[in-house]
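S.K.: Below you will find the structure I want to go over with you.
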Amino acid sequence: MRVVLLLSSATGKRICTILLGMLLILVIIFFLHRELADNQPAVQTGLPLSGRGIVIDPGHGGYDPGVFRRSLTEKNLNLAISLVLRDYLQGGGARVIMTRETDRDLLVLPAAGPRKRLDMKNRLAIIRAANPDLLVSIHVNASPSPLWSGAQVFHKRNCAHGHKLALLIQEELKRVLQNTNRPAQEGDFFLLNEAGVPAALVEAGFISNPEEARLLADERYRSRLAWAVYLGIIRYFDSVYSPAAD
Ligand SMILES: [Zn+2]
């Protein structure tokens with residue numbers, strides 16, 4: 001009986017030692033794991049637009065050229081500017097959704113009714129499905145007078161966030177391009193009105209002004225334009241979501 005007890009005691013000690021050893025190993029693994037996790041860079045932290053969803057709508061496309069002068073067509077300029085803007089925004093960490101990425105309209109299905117309205121409704125469907133933080137629509141302007149010039153940003157009436165967004169993009173366009181004194185302005189545009197998120201429509205310049213048409217045809221100028229819009233968007237998120245805001 002005593003031998004059995006002695007054996008039991010020895011076995012018990014061994015089991016205790018093994019259990020303690022296992023516990024120690026588990027504790028070491030736990031702390032090692034935590035340290036490794038702490039040292040892992042969180043996905044895209046530090047990028048200015050991390051976690052932001054942004055829809056870019058390059059105006060017109062496909063059957064709808066928008067305004068044009070000679071070989072320059074608004075739909076192509078809108079798309080070219082938008083694709084550069086997309087790259088800047090994605091580089092800044094944003095989730096970017098485009099209403100189109102090629103020269104196409106949004107007449108997804110043949111349907112009755114005016115084509116323009118159907119195109120707009122389908123753009124709106126893309127915007128709503130994307131559930132973004134903001135929308136920016138890119139266009140090029142034209143006027144009967146060749147004298148008018150300058151990029152200008154529009155926003156929905158009575159939309160404080162849209163107004164802020166347009167104001168900041170306009171400021172950056174002025175600063176970066178050094179060729180527009182136009183103010184951000186209210187505008188009555190279907191997508192701005194219906195998007196349900198802060199939205200700005202950028203008229204990138206007047207194709208009817210020979211000098212501005214020449215600039216718009218220049219890839220480097222379009223990149224500067226897209227850069228200005230990008231900076232305006234960053235400033236918007238900084239101002240709206242910083243702890244000091246409101
Ligand atoms: Zn347009």
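S.K.: What is the fewest-to-most order of K121, K75 by other Cβ atoms lying within 10 Å of their Cβ? Before the final figure, lay out the partial values.
M.R.: On the way: K121 15, K75 24.
Ordered by Cβ neighbours within 10 Å, fewest first: K121, K75.
S.K.: Here's a follow-up. Just to be sure I understand: if I project the alpha-carbon convex hull of the range 169-246 onto a plane and average over all orientations, what area do I get in nm²? Could the numbers behind the result be given before it?
M.R.: Working: hull surface 25.3 nm².
Seen from a random direction, the Cα hull of the range 169-246 projects 6.3 nm² on average.
S.K.: Hey, can you rank 180-190, 147-157 by average C-beta count inside 10 Å, highest first? Don't skip to the end; give the middle numbers.
M.R.: Values: 180-190: 15.5, 147-157: 20.1.
Sorting 180-190, 147-157 by mean packing, highest first, produces 147-157, 180-190.
S.K.: Going by average Cβ density within 10 Å per residue, which order do the peptides 212-221, 159-168 take, highest to lowest? Don't skip to the end; give the middle numbers.
M.R.: Values: 212-221: 15.8, 159-168: 21.5.
Peptide ranking by packing, descending: 159-168, 212-221.
S.K.: Please report Rg (one decimal) and Dmax (integer) in Å for the Cα set of the range 53-241.
M.R.: Final numbers for Rg and Dmax: 15.3, 46 Å.
Each value in this text was obtained by applying a stated rule to the coordinates, not by laboratory testing. This is a predicted model, so every value here is computed, not measured. All Cβ positions, even for glycine, are placed from backbone atoms using ideal geometry, and neighbour counts span all protein chains on display.
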